[in-house]
Amino acid sequence: MMDAFERFGLIINDHVVKTPVAIASMAGIVDARYVLERKNHIGAAFIGGYAIDRPTMDAAKEIAARGERKEFLYDDPIAALGAEIELLRDSGVVAGINLRGGSPEAFTAIADAFGDEVVYEVDAHCRQAPMIAAGAGEYYLKNPGALVAVVKALKAKNVTVSVKIRVGVSGDDQKLARALWGAGADILHVDLMDAGSAKLRQIRNSCPLMLIANNGITGFDRMREMLSHGADLVSLARQSDVGTLAGLDAAISRFADDEGWYNSPKQLCRGGDIRALTFCCMPVKECPLLPALKRIGMSKEEYVRMKMDAVKGTPLEAGPNTCFGSLAWCCKTSSPCMFRDMTLASDKLSKREYMRRKRELSDTLMTRVFHDVPSPESG
Ligand SMILES: Cc1cc2nc3c(=O)[nH]c(=O)nc-3n(C[C@H](O)[C@H](O)[C@H](O)COP(=O)(O)O)c2cc1C
Ligand code: SF4
Ligand code: SF4
């Protein structure tokens, strides 16, 4: 049996993620105990949200007092969080804490207390009015400068930072993604609302951050749809019951073992994201490749050179009997092709290994495409 790293190749906060299924936070509900009950079927979990300064703690009390929503209530966030983090130690789940705070200092105080033990997730998602009035949650989507300041302050503490956003609020989600990349964020945790996979693809095409896709992931088809449009993981909140999580974990593990690349993109001409360049042909015809190259500011010649350089000395370099003389230009295994399959057979390369190599090629291409980190202000 493959180990988790071989299967998914996912690392967060220096820990191997054992499956690309995560739990997303629900205030007053998702705490360490909730995660431990589900630990066998998840790779990561974001507990919280937790209020971390006086204005957000008062906001949490106000929300809870209205009786419609639960909140975690306490007067000492460091003590409350410390007890939860302690329970998750050695759980085998990569732990994140979803935090509501109104200033960079509120976040760095928490990072000073817990260092690199957890992932720090900035809650830029909460739309409860008292929380927004306290300068947290959705306030940050309307004030991206303040969000960038929080991310930069946390990164100055050398910790792993995730930002939980809801699409369709900030005005320009791609610009926001690039600003967060520029600020040093590691993970973008995206509530897609009703926007679907096309929105996820836009974000994937804008930045190289690890992406966690969220909202309405209740079955394997929807999970794969997210993974094939750019997600590295998916997360569940409302339907994070043991049965659903176990089903997704089992299905994606089987898929990874059979196919070799658990989050392989669709081909570019079938709506795939930028990672699909790994399956693209030589630029010899009018097809979606040309506008895609234009969008990333790459000439046809640079594209050809980039791919040829990237496969040099690897099993993908060969393939004299394929359309363009190298497996570098060959399609996904889900597109039937006798010539590619004959080449794989004669080179003793399994389809799974071919897809694994295509993933490596895609990673190299992404590094080149997203070479220049934007300044956060430029978006
Ligand atoms: C009761 C409840 C509380 C939530 N609390 C938080 C929170 O504290 N922080 C946060 O980032 N998202 C919070 N969310 C949003 C969820 O993490 C998630 O983004 C949303 O429910 C969509 O995902 P789902 O379809 O899997 O539930 C909450 C959602 C619910 C239903
Ligand atoms: S280069 Fe080939 S795979 Fe890529 S978009 Fe064009 S036809 Fe499709
Ligand atoms: S040989 Fe087959 S797999 Fe390779 S580019 Fe041609 S059609 Fe695609």
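Taken together, the values in this text are just the output of simple stated rules run on the coordinates, not laboratory data. Remember, it's a predicted structure, so these values are computed and weren't measured experimentally. Quick reminder, even Gly has a Cβ in these numbers, built from the backbone with ideal geometry, and neighbours come from all protein chains shown.
The convex hull built on the alpha-carbon positions of segment 9-157 has an orientation-averaged projected area of 8.5 nm². From least to most packed, judged by other beta carbons within 10 angstrom and beginning with the fewest, T244, T367, T343, T19 follow the order T367, T244, T343, T19. A convex hull fitted around the alpha carbon atoms of the chain yields 132 Å³ per residue.
Segment 156-177 and segment 307-379 have Cα centres lying 30 Å from one another.
Each residue of segment 80-97 is assigned a 3J(HN,Hα), and the resulting list reads 5, 5, x, 5, 5, 4, 4, 5, 8, 4, 6, 7, x, 10, 6, 9, x, 10 Hz, derived from the Karplus form 6.51 cos²θ - 1.76 cosθ + 1.60 (θ = phi - 60°), x at Gly and Pro.
Taking amide H as placed 1.01 Å from N in the peptide plane, L236 has its amide H under 5 Å from the amide H of A22, I23, A24, each at least 5 places away in sequence or on another chain. The eigenvalues of the Cα gyration tensor, multiplied by 5 and square-rooted, give segment 183-308 an equivalent ellipsoid with semi-axes of 30, 16, 12 Å from largest to smallest.
A cut-off under 15 angstrom between Cβ atoms defines the neighbours of F339, and their net charge, with Lys, Arg +1 and Asp, Glu -1, is +1. Here segment 280-352 is treated with +1 on each Lys and Arg Cβ and -1 on each Asp and Glu Cβ, and its dipole about the Cα centre works out to around 200 debye. The C-alpha atoms of the chain define a longest principal axis, and helix 173-183 lies at about 80 degrees to it. Using the rule -39500 (n - 2.57) for each DSSP H run of four or more residues, divided by the residues of the chain, the 222 nm mean residue ellipticity is -12500 deg cm²/dmol.
Contact order for the chain, expressed relative to its length and based on alpha carbon pairs under 8 Å spaced 6+ residues apart, stands at 14 percent. Given Cα pairs under 8 Å that are at least 6 residues apart, what percent is the relative contact order of segment 1-158? Averaging sequence separation for qualifying contacts and normalising by length gives 21 percent for segment 1-158. Using Cβ point charges alone (K and R +1, D and E -1), the dipole size of the chain about the Cα centre works out to roughly 1420 debye. Taking amide hydrogens as placed 1.01 Å from N in the peptide plane, the amide H of T19 sits under 5 Å from those of G43, each at least 5 positions away in sequence or on another chain.
Of all the options R305, R38, R352, the one that moves most in a Gaussian network model of the chain with Cα springs shorter than 10 angstrom is R305. Largest GNM mean-square fluctuation among A328, A146, A79, using the chain with Cα springs under 10 Å: A79.
Percent of alpha carbon pairs in segment 268-369 separated by more than 19 Å? Result: 37 percent of Cα pairs exceed 19 Å. In plain terms, the residue of C207, C337 with the fewest other Cβ atoms within 10 Å comes first and the most crowded comes last, giving C337, C207.
Fewest neighbouring Cβ atoms within 10 Å first, the residues S240, S25, S334 line up as S334, S240, S25.
Across segment 260-379, C-alpha contacts under 8 Å between residues 6 or more apart give a mean separation that, scaled by the residue count, equals a relative contact order of 30 percent.
Seen against the Cα atoms of the chain and their longest principal axis, helix 242-259 is set at about 20 degrees. Beta bridges assigned by DSSP with both partners in segment 4-259 are antiparallel in approximately 10 percent of cases.
Tell me, how many Å apart are the Cα centres for segment 67-133 and for segment 277-305? Value for the Cα centre distance between the two parts: 43 Å. One chain, two ends: A113 and T218. Fully extended at 0.36 nm per residue, the span grows by 34.2 nm beyond their Cα-Cα distance.
Among G101, G115, G182, the residue with the largest mean-square fluctuation in a Gaussian network model of the chain, with springs joining Cα atoms closer than 10 Å, is G115.
Based on alpha-carbon atoms, the Kirkwood radius and the radius of gyration of segment 51-90 give Rg/Rh equal to 1.06. Compute the Rg/Rh shape ratio of segment 221-260: radius of gyration over Kirkwood radius, all on alpha-carbon atoms. Rounded to two decimals, Rg/Rh equals 0.97. Placing unit charges on each Cβ (+1 for Lys and Arg, -1 for Asp and Glu) gives the chain a dipole about its Cα centre, and among M210, T278, P77 the Cα reaching farthest toward its positive end belongs to T278.
Near the amide H of G49, within less than 5 Å, lie the amide hydrogens of M26, A27, G28, all on another chain or at least 5 residues away, with H placed in the peptide plane. Give me the angle, in degrees from 0 to 90, between the Cα long axis of helix 351-369 and the longest principal axis of the Cα atoms of the chain, rounded to the nearest 10. It works out to around 70 degrees.
Please report how far the C-alpha centroid of segment 209-262 lies from that of segment 1-27, rounded to the nearest whole angstrom. Going from one Cα centre to the other spans 11 Å.
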